Amino acid sequence: MKKIASFIAIGFLFLTSAAFARQAAFSGENYSISLNYNEIASPGDAVFVRMKVSRSKAGKADLSNAEAKLELIVDGKSVRSSDFYALGKAKKEGKTMLTGIPLSSWWTKENKCSLKITYTMANESKEFALPFSLDNKSFISETIKLNASNTAIKTDTSTKRMDQISKLNTILETINPQNVYSTKAFVPPVESTRRTSYFADRRVFEYSNGNSSTSLHLGIDYGVPTGTEVHAPAEGKVVMAENRVSTGWSVVIEHLPGLYSLYYHMNELKVKKGDTVKAGTLLGYSGATGLATGPHLHWEVRLNLEAVSPDFFTTNFAFEPAGN
């Protein structure tokens with residue numbers, strides 16, 4: 001084990017417990033801190049930190065109001081931050097907190113990264129650094145030809161479509177610190193493993209009128225026939241269930257503060273806004289509604305508004321202890 005110094009000379013002991021997973025611990029006079037986080041991630045994934053603060057045997061401070069913030073430093077600049085939220089009931093003796101930050105799919109291994117945590121508890125505010133880096137990942141480039149119908153949808157600038165986009169973004173940028181539904185690994189929403197498009201594919205759309213545009217594919221497309229059952233990947237609350245111009249019959253589920261999963265181009269919905277779902281709950285059936293070149297399910301995950309790879313969340317991203 002190697003002892004390193006933080007920004008304020010707090011000594012943390014770092015131990016690697018699994019591939020890309022790191023544990024860190026600090027014991028002080030009044031409290032101790034233990035951390036689990038993924039010290040390496042791919043562009044387009046996320047970094048999550050689980051932080052537990054505990055009162056020392058001799059300590060008397062109330063730690064139930066402990067607060068903390070995670071910052072991502074890229075090439076010497078703080079580029080993103082996220083506040084920690086409590087997991088379970090906070091007690092005077094301590095609390096467990098979690099947060100995550102999305103990682104741009106445009107970043108590479110060459111970007112120099114680190115993490116900074118700032119916290120306030122036991123009548124003091126301090127900060128410390130955590131090592132973090134990106135690995136290499138390549139993304140697919142593809143050209144998609146759109147017929148006249150799909151061209152009309154893709155280039156639609158009507159008030160109706162713009163209002164739908166604004167409504168969805170308002171939902172996805174909302175962070176409700178108290179809405180902790182599940183920290184378990186996601187289960188893919190369909191049984192099929194056949195994928196027709198992948199997360200962060202670099203796309204060129206060729207329109208029927210001869211024009212074109214470029215974009216990123218923000219989720220995973222499963223090539224499944226119309227009528228395939230689509231299930232919730234984890235516990236959460238349905239915050240949208242409606243028909244949209246671009247994405248057809250769509251469902252959005254809130255799982256954690258700032259963490260949402262999305263399901264597009266469905267043929268029929270079996271849930272409504274406000275429903276609470278569990279892992280495996282039937283959301284509806286796949287289809288080809290909205291902008292679709294054929295039957296499929298588009299599965300997307302957003303963290304703090306930004307699209308992240310759904311595959312990342314099929315792992316133990318929140319570092320749930322074994323048996324939970």
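Tabulated data
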item	result
Per residue accessible area in Å² of the range 209-324, where ligands, DNA and RNA are left out and the probe is 1.4 Å	35
The range 274-280 - phi-based ³J(HN,Hα) in whole Hz, Karplus 6.51/-1.76/1.60, Gly and Pro as x	x, 5, 9, 10, 10, 4, x
By accessible area with a 1.4 Å probe, ligands and nucleic acids excluded, highest first: order of Ser56, Ser149, Ser286	Ser149, Ser56, Ser286
Accessible area of the range 26-130 belonging to carbon and sulfur atoms, whole % at 1.4 Å probe	43
Gyration tensor verdict on the chain (Cα atoms; rounded if a/c is under 1.5, prolate if a/b is larger than b/c, oblate otherwise)	prolate
Accessible surface of the range 151-225, 1.4 Å probe, proportion on carbon and sulfur as whole %	52
Under Karplus coefficients 6.51, -1.76 and 1.60, residue-wise ³J(HN,Hα) of the range 59-75 in Hz, glycine/proline x	x, 10, 5, 7, 9, 5, 9, 4, 10, 8, 9, 9, 10, 9, 9, 10, 6
Per-residue SASA entry for Phe312, accessible area with 1.4 Å probe, Å² rounded to 10	30
Rg [Å, one decimal], Dmax [Å, integer] - the range 219-324, C-alpha atoms	13.5, 43
Anchor Lys89: aspartates and glutamates whose Cα lies under 18 Å away (excluding residues fewer than 8 positions away in-chain)	Asp62, Glu67, Glu320
Eligible lysines near Lys77 by straight Cα distance, threshold 24 Å, same-chain separation 8 or greater	Lys69, Lys109, Lys112, Lys116, Lys126, Lys137
Reachable lysines from Lys145, criterion Cα separation under 21 angstrom, eight or more residues apart if same chain	Lys154
Within the chain, helix-based [θ] at 222 nm, where runs of 4 or more DSSP H residues each add -39,500 (n - 2.57), nearest 500	-2000 deg cm²/dmol
Principal-axis tilt of helix 159-172 within the chain, Cα atoms, nearest 10 degrees	20
Contour excess over end-to-end distance, with Cα ends at Ser166 and Lys89 and 0.36 nm allotted per residue	24.3 nm
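The values are calculated or read from the model by the stated rules, or taken from the named source; none is laboratory data. All of these numbers come straight from a predicted model, not from anything done at the bench. Ligands, DNA and RNA are excluded from the accessible area calculation, which covers all protein heavy atoms including side chains. Shrake-Rupley method; radii C 1.70, N 1.55, O 1.52, S 1.80 Å.
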